[in-house]
Amino acid sequence: MRDCGGTSHATHAHRCGTQRQLRAVEIHQCESRAVAVDLSALAARIHEREEDWNLLAMTWTVGPIHANYGKPMAAAEFESADLHGEILLWVTGEAELESMRLSDFRVVNKHYALGSASELDSVFADLIALARDGVAPADGVIAYASDQASAKERERRQHD
């Protein structure tokens, strides 16, 4: 969440308002500085890294931009043989990397506060390190899915 000069984002948004523009870009004025993230950049940045995704045998499904109750966002799901997840990007610059490794149900999530769409490269670098080397991003949250999920996956694999 962005710091708006010591005021919470929700309080500041109420006080200073928001402007909406075409192409799903929202500019939020925070103490004379603007934060704007073009949500269409998510699909473009994924396409720019096509070679990386091919080397990882990773496929992507990019969804449409959603109004999301006044806080527009875009999402893209990724999938490889052992890693599934998604990247979420809000017009405010907030982003989430959410993933699960299927072999052991290790869940790795990380929250990002981006200043622009060009900073998505850090999210993609973390995803590549996770997929290629199993290295979780710094400040990432690591958990393991429940034993119930593991049992369901073992059962599914036995039937395949």
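Every number in this text was worked out from the coordinates using simple rules, so none of it is lab data. Note that the structure is a prediction, hence the values are computed from the model and not measured. Quick reminder, even Gly has a Cβ in these numbers, built from the backbone with ideal geometry, and neighbours come from all protein chains shown.
Determine the dipole magnitude for the stretch 36-159: charges of +1 sit on the beta-carbon of Lys and Arg, -1 on that of Asp and Glu, nothing else is charged, the reference point is the Cα centre, and the result goes in debye to the nearest 20.
Around 360 debye, computed over the stretch 36-159.
What is the calculated FRET efficiency for residue 80 to residue 144, with r their C-beta to C-beta distance and R₀ = 30 Å, to the nearest 0.05?
0.95
Taking a ≥ b ≥ c as the square roots of the eigenvalues of the Cα gyration tensor of the stretch 36-159, is the shape rounded (a/c under 1.5), prolate (a/b larger than b/c) or oblate?
prolate
Multiplying the sequence separation of residue 68 and residue 103 by 0.36 nm and subtracting their Cα-Cα distance, what value in nm do you get?
Going from the current span to full extension adds 9.3 nm.
Ranked by Cβ crowding within 10 angstrom, fewest neighbours first, how are 135, 107, 37 ordered?
In order of increasing Cβ crowding within 10 Å: 135, 107, 37.
What is the order of 142, 87, 46, 128, fewest Cβ neighbours within 10 Å to most?
Result, fewest neighbours first: 142, 128, 46, 87.
Could you pull out every residue, at least 5 positions away or on a different chain, whose amide H is within less than 5 Å of the one on residue 94? Hs are placed 1.01 Å off N in the peptide plane, and Pro or chain starts have none.
When sequence neighbours closer than 5 places are left aside, the close amide H contacts are 114.
With a 10 Å Cβ neighbour count serving as the proxy for reagent exposure, in which order, fewest first, do 39, 89 appear?
Least to most surrounded, the residues fall as 39, 89.
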